[in-house]
Amino acid sequence: MTDSCAARRCPLSAETVDRAAAASARPVPRWRAALLRAAPALGLFAVARLTGLLVMAGWSWHIGRSPRAIIARAWDSDWYMLIAEHGYGRTLHWPDGTVQSDLAFFPLYPALVRAGTTVLPVTSGTAGLVISWTAAGAAAWGIYAVVERLHGRRTATVLVLLWGLLPHSIVLSMAYTEPVLTAFAAWSLYALLTRHWVSAGALALLAGLSRPNGIAVAAAVLVVAAYELFTAYRRGESARANRRIWTGAALAPLGWCGYVLEVGFRTGDPLGGYFAVQRGWTSRFDFGIGALKVVRAMVLRPSLIALMVALLVVVAAVLLFALFTLERPPAALLVYTAVLVLITLGGSGFFESKPRFLLPAFPLLLPLARALAKARPRAAVVVTAALAGLSFAYGAYLLTLSPIAL
């Protein structure tokens, strides 16, 4: 028998084996492939946040304080935990006549904490931390997905790492709502970029239930949907043909508007009740007049470090927004970021918290991430190391030494 005949008759030839292996190989699910691509970025993000948390914990133990108590029950965290444990209804009356109500805090996060303590034998603080840490990871993955689609894996990896090394990124390790909002926002923006309208609207609804500035996600969905519907109308398409766009647009504002109206009805003023509650916390939109007064006071007399850093972060955010706009980003990212920046700059009260309010505005980091992705490795390492040192040291200062709320 010749070699060629043997090859023709043999059922286990190399070609046959390769064909059988290809047929039996199962395709990798798209979500798993996406997660594998994002794994290096998520690993760097986890290392950055874990290191920052360990630095803060080490300093806390050094000065005789409990790190867990700080990250689980400090400032706003305690309000959220009390809502999760007892429901709404807590109001503080101060000697100067100020009235602070827990209705200022949006309901999704405490609802998740309460669900966690119902299912698992853990305290509300532990449940809050697990939810925040999980949300921070989901947010980092969503940020990576958005940036990878627009600028590739290298820039996406750099941006995720930068987000984890911001001066106020210690908030991502606390029982706070910024990680939850950012997770819903990032994936809603990704859904918009990939034209999954119903998913974008549903995620925007959840973002609107997370924080007051969650309205920025709904704004992005509504603007992009309006443009798509207008374009479809000019092409002569019927509304029925675009029902998924209509559905996404209808869902997007329901979370934010629903809670604002609920607070309004609770307080007897359907349209203005929620904003009256916020004024009790000195939070109102005054086009930046209150913020300028704080800046003026900082210039005229010595100020706390946290206020000075907050001012620097706000100035940097404005500059980065200008650079971001010049890059002509997709409308979804532009509207989302613009609304977040507008709310932060135009709101009065808690000037020291403005950098925290800007944490969900991750597209602001795009110009810096693109520059670092193109830089020489040594320069990129030096810049990253400097940011890490600042982030870890300042995070420990904010939670253990700063006398004002984060």
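In the condition set (1) more than 22 Å from Ile343 (Cα to Cα); (2) in a helix (DSSP H, G or I); (3) of a type in the set (D, E, K, R), Arg296 is compliant with all but (1). The set of residues from the range 67-113 being crowded, with 17+ Cβ neighbours inside 10 Å, of a type outside the set (Gly, Ala, Ser) and over 16 Å from Trp281 (Cβ atoms) comprises Pro67, Ile70, Ile71, Arg73, Met81, Pro107, Leu108, Tyr109, Pro110, Leu112, Val113. Taking the range 175-190 as the range and being hydrophobic (A, V, I, L, M, F, W, C), assigned to a helix (DSSP H, G or I) and either free of Cβ contacts under 8 Å to residues at least 40 places away in the same chain or within 13 Å of Ala135 (Cβ to Cβ) (or both) as the test, the residues that pass are Val180, Leu181, Ala183, Phe184, Ala185, Ala186, Trp187.
Of all residues in the range 263-288, which are of a type in the set (Val, Ile, Thr), touching a Leu at 6+ places or on another chain (Cβ under 8 Å) and part of a loop (DSSP other than H, G, I, E, B)? Within the range 263-288, none qualify. On inspection, Tyr274 qualifies as more than 20 Å from Arg356 (Cβ to Cβ) and either modelled with pLDDT under 95 or touching an Asp or Glu at 6+ places or on another chain (Cβ under 9 Å) (or both).
For the range 351-406, enumerate the residues that are among the β-branched types (Val, Ile, Thr) and either closer than 27 Å to Phe285 by Cα or touching a residue at least 60 places away in the same chain (Cβ under 8 Å) (or both).
Across the range 351-406, the qualifying residues are Thr384, Thr400, Ile404.
Looking only at residues of the range 322-359 that are of a type in the set (Phe, Trp, Tyr) and either surrounded by fewer than 20 Cβ atoms within 10 Å (Cβ to Cβ) or more than 21 Å from Leu307 (Cβ to Cβ) (or both), we find that the one that is farthest from the chain's Cα centre (by Cα) is Phe350. No other residue among Leu372, Leu368 is farther than 18 Å from Arg211 by Cβ, within 19 Å of the chain's Cα centre (by Cα) and assigned to a helix (DSSP H, G or I) apart from Leu368.
When the range 192-224 is filtered for residues that are outside any loop (DSSP other than H, G, I, E, B), surrounded by fewer than 24 Cβ atoms within 10 Å (Cβ to Cβ) and among the aliphatic types (A, V, I, L, M), the ones remaining, listed by number, are Leu193, Val198, Ala202, Leu206, Ile215, Ala219, Leu222, Val223.
Of all residues in the range 282-308, those that are more than 13 Å from Lys354 (Cα to Cα) have Cβ atoms under 6 Å from Cβ atoms of residues that are part of a loop (DSSP other than H, G, I, E, B) and of a type outside the set (S, T, N, Q), 6 or more apart or on another chain, in Thr282/Gly349.
Out of Glu352, Glu327, which single residue is within 25 Å of Leu292 (Cα to Cα) and either among the acidic types (Asp, Glu) or out of contact with any helix residue (DSSP H, G or I) (no Cβ under 8 Å at 6 or more places or on another chain) (or both)?
Sole residue among the options that is within 25 Å of Leu292 (Cα to Cα) and either among the acidic types (Asp, Glu) or out of contact with any helix residue (DSSP H, G or I) (no Cβ under 8 Å at 6 or more places or on another chain) (or both): Glu352.
So which of Ala332, Ala322, Ala291 is within 24 Å of Ser402 (Cα to Cα) and either at pLDDT 95 or above or not in a loop (DSSP other than H, G, I, E, B) (or both)?
Ala291 is the lone residue from the list that is within 24 Å of Ser402 (Cα to Cα) and either at pLDDT 95 or above or not in a loop (DSSP other than H, G, I, E, B) (or both).
Would you be able to tell me the number of residues in the range 227-281 that are more than 28 Å from Ser101 (Cβ to Cβ), among the small types (Gly, Ala, Ser) and within 27 Å of the chain's Cα centre (by Cα)? Residues meeting the conditions: 3.
The values are calculated or read from the model by the stated rules, or taken from the named source; none is laboratory data. If you're wondering where the values come from, they're calculated on a predicted model, not measured in any experiment. Neighbour counts are summed over all protein chains in view; Cβ atoms, including those assigned to glycine, are modelled from backbone coordinates with ideal geometry.
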